[in-house]
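Notes follow the structure.
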Amino acid sequence: MPELKIILEAVLLAAGEPLSLDRLLDIFPETERPEREVLRSTLVKLAADYAGRGMELAEVASGFRLQVPGTFAPWVSRLWEERAAHYSRALLETLALIAYRQPITRGEIEEVRGVSLSSSIMKTLQERDWIKVIGHREVPGRPALYATTRDFLDYFGLKSLSELPPLTTPRDLDVISAELERRASVTPDSPPLPEPFHV
Amino acid sequence: MPELKIILEAVLLAAGEPLSLDRLLDIFPETERPEREVLRSTLVKLAADYAGRGMELAEVASGFRLQVPGTFAPWVSRLWEERAAHYSRALLETLALIAYRQPITRGEIEEVRGVSLSSSIMKTLQERDWIKVIGHREVPGRPALYATTRDFLDYFGLKSLSELPPLTTPRDLDVISAELERRASVTPDSPPLPEPFHV
Amino acid sequence: MRISVDPVLIDTLNEAPPLAKVGGQPWTEIPQDLYIPPDALEVFLEAFEGPLDLLLYLIRRQNLNILDIPIAEVTRQYMNYLALMQDMRLELAAEYLLMAAWLAEIKSRLLLPRPAQAEAEELDPRAELVRRLQEYERFQQAAQRLDALPRLERDVFAASAAPVERQIQREPPPVNLADLLNALRDVMTRAELFGHHQIQQEALSVRERMSQVLEQLDAQHFTSFTALFRPEEGRRGIVVTFMAVLELLREALLELVQVEPFAPIHLRRRI
């Protein structure tokens with residue numbers, strides 16, 4: 001029987017997707033099933049094997065995934081012409097709002113962005129399995145509440161939402177107001193702006 | 001820049017499909033493109049790295065592919081074990097009719113159920129070795145006669161068909177059914193049923 | 001209509017070809033009153049993500065502190081952009097007009113003299129605009145950071161190696177006897193077989209024995225009638241077998257041969 005570490009390597013490569021500890025334990029018949037802690041420490045050893053190689057072991061939301069690190073993107077991306085999709089600012093802003101403010105309704109997204117949201121953006125996000133409807137807000141119209149999925153975390157290489165880059169802290173409205181008052185009293189007139197662009 | 005061997009490893013792992021020498025050469029910008037022979041000898045070195053690991057480099061018709069050797073099949077195949085869903089109502093009814101009214105033809109099953117019987121149901125039941133064809137009825141078309149098998153009895157923990165709950169009236173069936181459920185919840189082994197049907 | 005800009009042309013401004021076409025009129029030189037650097041022309045006006053985005057753009061262009069927006073000036077520029085968009089016949093969304101109205105309202109409130117005692121309670125009319133701009137800006141930044149995260153398929157790639165043997169193991173669904181019984185009850189109730197159908201009278205063990213007898217016999221060779229009986233089953237077993245044979249004969253599934261009275265009976269399956 002091959003070494004545990006090597007079996008894990010084979011299974012992770014064959015899966016090509018993240019595998020949770022539970023799923024990894026399940027590949028062993030009950031009588032041969034390693035201890036959870038043994039499995040975990042073996043994964044650590046496996047990860048160490050990949051130093052300086054073309055792959056790395058990453059832990060994401062759904063489990064452990066073997067992946068090709070970003071350093072190889074220049075070569076790998078030449079394999080596929082148009083694989084890495086570029087997403088619009090509107091889509092990324094919407095996704096950011098859902099990620100940081102979930103559960104959130106469409107109306108709430110529109111309010112922050114100050115513009116109505118195109119259905120195609122929500123559709124794209126749902127088709128990518130990055131967001132899903134997790135319920136409805138109990139207000140008239142019962143709008144759907146959106147949240148991000150596990151796939152979203154996996155895709156962005158995150159173990160949990162807490163690993164998202166922190167949001168800049170908002171300034172309290174009272175503070176803003178006080179600040180505005182203070183400034184207004186110091187400099188009543190703002191400097192004139194340059195001439196705008198005329199057509 | 002990473003070593004050529006490691007770049008090839010990364011690209012083959014990301015591709016997840018065979019890559020021809022030409023395609024492998026194409027991932028390098030023209031100025032950095034290695035000689036064909038260098039590429040080939042580097043692949044040989046890479047293949048040697050995988051001795052005793054969970055993957056191997058194979059040359060197949062369309063090129064080079066990283067693959068998980070067959071020795072890992074016992075673990076790998078457990079990844080894709082399909083959790084059984086439930087059998088359809090139609091299948092259970094068909095099985096019940098075959099059990100209680102054997103030998104029975106397909107037409108007779110259809111007559112009782114009032115709907116035509118899908119071939120997939122009979123196929124599933126035969127694949128599971130629960131029913132088999134034991135003859136043909138001497139009527140036009142010579143329809144096959146189905147009966148249950150020993151595997152069927154074994155599965156349901158019966159010594160013979162006479163241990164099947166007797167068929168009386170629908171009301172009795174309700175009682176028996178409730179009894180079966182009660183027993184199932186009390187003891188894992190089902191004790192013999194009250195009164196088997198005797199001739 | 002769009003402003004179309006060739007970046008190469010911007011570098012060679014003295015050349016004759018038009019820099020851009022606006023309202024059908026070719027532009028051959030950068031207008032003098034243009035305060036936005038020429039590369040801003042590359043930004044299509046329709047690429048703004050709404051009025052907040054446009055306002056943030058105006059504010060950033062001037063390196064203005066978001067807390068220190070000169071409302072009058074920003075409003076004027078904003079209105080100029082709306083005019084530009086209208087000239088280009090961009091469909092002007094309601095949000096842009098709403099923002100224009102809001103800016104105008106703030107401007108007018110700032111101009112109105114405020115009674116001293118009211119000043120304390122009343123918020124600066126700009127506060128809400130600033131709050132919304134800040135809030136939007138936070139998520140603009142968040143979107144950028146999200147985009148910068150190493151993303152699967154763009155920066156990192158799932159490593160996979162095809163297994164040589166890929167078999168899918170399929171666990172058949174479990175069934176218990178109660179399920180089977182429930183199914184039977186349903187089908188029987190539907191078929192209304194109870195009460196007048198022979199099932200009630202029919203012995204299940206006869207049905208089973210019919211299957212067994214059929215299996216025991218083959219179509220090519222005759223089997224002795226007596227070979228079907230197993231004395232160890234006792235009288236009841238013999239009766240069941242006998243009834244099974246009779247039933248099979250009735251259903252024309254068996255062929256019975258007896259050369260003469262009291263001679264051995266032989267049976268074979270009908271083909």
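Tabulated data for the structure shown
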read-out	value
Average other protein chain Cβ within 10 Å of Cβ, residues B:133-141	5
Average partner coverage of A:54-64, which counts Cβ from other chains inside 10 Å	3
Angle between chain A longest axis and helix A:36-49 axis [Cα atoms, degrees, rounded to 10]	80 degrees
Rough spin-label spacing in nm, given labels placed 7 Å along Cα→Cβ, for C:L110 and B:D26	5.9 nm
For B:92-105, mean number of other protein chain Cβ atoms within 10 Å	6
Spatially proximal lysines relative to B:K123 (Cα-Cα < 27 Å; intrachain offsets below 8 disregarded)	B:K132, B:K159
Teacher prompt: A:L25 distances to equivalent labels in other copies, 7 Å Cα→Cβ, nm	5.2
Efficiency of FRET from Cβ geometry, A:I134 and C:E251, R₀ 51 Å, rounded to 0.05	0.25
Inter-label distance for C:S224 and A:V175, nm, one decimal - labels placed 7 Å from Cα along Cα-to-Cβ	10.5 nm
Candidates per GluC sites (Glu not before Pro) in the stretch A:1-92, loop by DSSP, up to 14 other Cβ within 10 Å	A:E3, A:E35, A:E81, A:E82
Summed side-chain charge close to A:R33 - residues other than A:R33 whose Cβ falls under 13 Å, Lys, Arg +1, Asp, Glu -1	-3
Over the stretch B:1-153, relative contact order from alpha-carbon pairs under 8 Å, at least 6 apart, %	16 percent
Label spacing, shortest first and in nm, from A:E111 to its equivalents in the remaining copies (7 angstrom along Cα→Cβ)	6.9
Computed E for C:F262/C:E215 - FRET, C-beta separation, R0 25 angstrom, nearest 0.05	0.35
Burial ordering of C:Y136, A:Y50, C:Y78, fewest other beta-carbon atoms within 10 Å first	A:Y50, C:Y78, C:Y136
Cβ-derived FRET efficiency at R0 56 Å, A:R40 paired with B:D154, nearest 0.05	0.85
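Laboratory data are not the source of any read-out in this text; all were calculated from the coordinates shown. Here the structure is a predicted model, which means the values were calculated and not measured. We place every Cβ from the backbone using ideal geometry, glycine too, and count neighbours over all the protein chains shown.
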